[in-house]
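Novice: Let me give you the structure first, and then I'll get to my questions.
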Ligand SMILES: [Zn+2]
């Protein structure tokens, strides 16, 4: 599958394997920081150990890889080989995401998802955050 994955996706895959922060995640953090928001990282007390949490706004920011979390965009296309394996694996991720969001909302958190395809432009990230904070 190596030949068909883009450089960005490959970096996401590697990050996932090594448990490192992905480039899109770092972009989102940078934007939040510049907007003057306070946030916590990798909050293990919350369901799903969310990457970015804004306690003052009761807001959880999920930075989701389009491929791994099944975004309906061109980056979210599933591999054409090993189909069953990928369907099972990726569907499981989507189910888990839904459960995590439900649990977070139950605990009174609002959840905003930023897809990695939206992280190419800082303005886009900014407007998503802005909207999410405003609808508090
Ligand atoms: Zn996407």
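Novice: How much length is gained on full extension from residue 113 to residue 82, taking 0.36 nm per residue of separation minus their Cα-Cα distance? Numbers along the way, then the final one.
Specialist: Values: separation 31, 0.36 × 31 = 11.16 nm, distance 2.80 nm.
Going from the current span to full extension adds 8.4 nm.
Novice: Order the peptides 54-64, 102-112, 79-89 from the highest to the lowest mean number of other Cβ atoms within 10 Å of their residues.
Specialist: Those peptides, ordered most packed to least, come out 54-64, 102-112, 79-89.
Novice: Given axes a ≥ b ≥ c from the Cα gyration tensor, I'd like to know whether the range 94-136 is rounded (a/c under 1.5), prolate (a/b larger than b/c) or oblate.
Specialist: Numbers: a/c = 5.23, a/b = 1.47, b/c = 3.55.
Oblate shape, in that a/c is at least 1.5 and b/c is the bigger or equal ratio.
Novice: In percent, how large is the relative contact order of the range 11-136, given Cα pairs closer than 8 Å and 6 or more residues apart?
Specialist: Reported as a whole number, the value is 25 percent.
Novice: For q = 0.15, 0.16, 0.19 Å⁻¹, what log10 I(q)/I(0) does the chain give under the Debye formula with an equal point scatterer on each alpha carbon and no solvent?
Specialist: Those come out to -0.76, -0.86, -1.18, one per q.
Novice: Under the rule of -39500 (n - 2.57) per DSSP H run of 4 or more residues, summed and divided by the residues of the chain, what mean residue ellipticity at 222 nm is obtained, to the nearest 500 deg cm²/dmol?
Specialist: Numbers: 5 runs with 66 residues, N = 136.
One gets -15500 deg cm²/dmol as the mean residue ellipticity at 222 nm.
Novice: At q = 0.12, 0.19 Å⁻¹, what is the base-10 log of I(q)/I(0) for the range 30-107 according to the Debye formula with one equal point scatterer per Cα and no solvent? Please give it to two decimals.
Specialist: -0.44, -0.88
Novice: Another question about this same structure. Students often get this wrong: which residues of the range 95-111 have the backbone nitrogen under 17 Å from the point 7 angstrom along Cα-to-C-beta of residue 131?
Specialist: Zone members listed by number: 110-111.
Since every read-out is calculated from the coordinates, none of them should be taken as a lab result. Owing to the predicted nature of the structure, the values given are computational and were not obtained by experimental measurement. With ideal geometry, Cβ positions are generated from the backbone for all residues, glycine too; neighbour counts draw on all protein chains shown.
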